[in-house]
Amino acid sequence: MTSQPLASRSSSHANGRAIATMVGAMGCFVFNDATVKHVSQSLPSAQLIFVRGVIATVLVLLVAYRLGALRQVGAVLHPRVALRGAVDACATMLYLLSLFQLPIANATAINLAAPLFMTVFAVLFLGERASRARWIAVVLGFAGVVCIVRPSAEGLNAWALLCLLGTLFHATRDLMTRRIDSSIPSIIITLATALSVTLLSGALTLASGWKPFALRELGLLGVAAAFLASGYFLLVQCMRAGEVSLTAPFRYTAVLFATLLGYTIWDEVPALSAWVGIALLVGSGLYMLHDERGRRRVEVLDAQPE
């Protein structure tokens, strides 16, 4: 008699944790990007990604060892885990390659179209039933992103299509996470991702050459690697715990973190359109949470015996 309400509460808690981990992952990725942006002024991009990847891989290995997960390290070669890592590495490189040729506002807006694709993929391939509120939140959130970053028309070219392809790869990566056996620890999936990005960037570094760097740059890359590895892990946890169509709009919090960071560190005061975008982003998130709470309440009431 009480199993259905209990199941509903369990699902609600899982979605709540998934939303929290998505927001945490976006914060980690933004702090990683800010640190990398600073270091990129003195290091080639491929080399930077490679060094950061090596440090991130070592950090993930240490965490896996402390968690006792290294006995399952062979799972990095599991077809679904390895393929997910390869897709993630390609997505990273496609995005960075296009970022070097596009206005950063355009690249950011295109990359943050991922929640739209994720919601569509969740409905088509995972059998999720995205409510009207979820679609509204995704669209409102994307409108908020556009208001904040204000992409320019001259940035819409072949590089923009390459950036869009990278965004599709990112959405596919998140969809693939749901297909991985739950017995494989999330930290092992994180390790596979770190290894894939490191190997691909290492190959590009061999082609582009090596530039000496100082201990200060190595230290900053260590900080970036810690944020990156944390973001990887939190994102895997999010995709394995909650509904994709529910958590997807909270990816937009990356823009809020970036705006806050820009104001705090670089004294970048948001323009009026950015404030409108921030209001849309916050409003879409609150609307989603309100709708989810109401939906769970109805499910519990409907499950109670008359």
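The table for this structure:
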read-out	value
Matching entry among Leu77, Leu59 (being on the phi < 0 side of the Ramachandran plot, surrounded by 15 or more Cβ atoms within 10 Å (Cβ to Cβ) and either over 17 Å from the mean Cα position of the chain (by Cα) or among the small types (Gly, Ala, Ser) (or both))	Leu59
Tally of residues being surrounded by 21 or more Cβ atoms within 10 Å (Cβ to Cβ) and among the aliphatic types (A, V, I, L, M) across region 206-233	5
Yes/no for Gln41 being modelled with pLDDT of 85 or more, of a type outside the set (Phe, Trp, Tyr) and more than 30 Å from Ser245 (Cβ to Cβ)	no
Selection status of Ile184, surrounded by 17 or more Cβ atoms within 10 Å (Cβ to Cβ) and in a helix (DSSP H, G or I)	no
Qualifying positions in region 75-117 - among the aliphatic types (A, V, I, L, M) and at pLDDT 85 or above	Ala75, Val76, Leu77, Val81, Ala82, Leu83, Ala86, Val87, Ala89, Ala91, Leu94
Odd one out for Ser8 among (1) at pLDDT 80 or above; (2) among the hydroxyl-bearing types (Ser, Thr, Tyr); (3) in contact with an Asp or Glu (Cβ under 6 Å, 6 or more places away or on another chain)	(1)
Of all residues making up region 15-53, the number that are in contact (Cβ under 8 Å) with a residue 12 or more places away in the chain, under 22 Å from Arg251 (Cβ atoms) and not small (Gly, Ala, Ser)	17
Condition check for Asp174: of a type in the set (Asp, Glu) and either surrounded by fewer than 22 Cβ atoms within 10 Å (Cβ to Cβ) or modelled with pLDDT of 90 or more (or both)	no
Filtered residue count, region 64-74, keeping only those that are surrounded by 17 or more Cβ atoms within 10 Å (Cβ to Cβ) and within 26 Å of Thr35 (Cβ to Cβ)	1
Which numbered condition Phe169 misses (of (1) closer than 24 Å to Ala109 by Cβ; (2) at pLDDT below 90)	(2)
Count of region 207-221 residues which are at pLDDT below 90 and part of a helix (DSSP H, G or I)	2
Qualifying residue in region 279-289 (condition: in contact with a Lys or Arg (Cβ under 8 Å, 6 or more places away or on another chain) and buried (at least 18 other Cβ atoms within 10 Å of the Cβ))	yes
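Yes/no per residue for (1) modelled with pLDDT of 75 or more; (2) farther than 20 Å from Ala133 by Cβ; (3) under 23 Å from the mean Cα position of the chain (by Cα); (4) assigned to a loop (DSSP other than H, G, I, E, B):
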site: Tyr252; (1), (2), (3), (4): yes, no, yes, no
site: Leu260; (1), (2), (3), (4): yes, yes, yes, no
site: Tyr263; (1), (2), (3), (4): yes, yes, yes, no
site: Val276; (1), (2), (3), (4): yes, yes, no, no
site: Val282; (1), (2), (3), (4): yes, no, yes, no
site: Leu286; (1), (2), (3), (4): yes, no, yes, no
site: Glu292; (1), (2), (3), (4): no, no, yes, no
site: Arg295; (1), (2), (3), (4): no, no, no, no
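The values are calculated or read from the model by the stated rules, or taken from the named source; none is laboratory data. Owing to the predicted nature of the structure, the values given are computational and were not obtained by experimental measurement. Glycine gets a Cβ as well: all are built from the backbone with ideal geometry, and neighbour counts include every protein chain shown.
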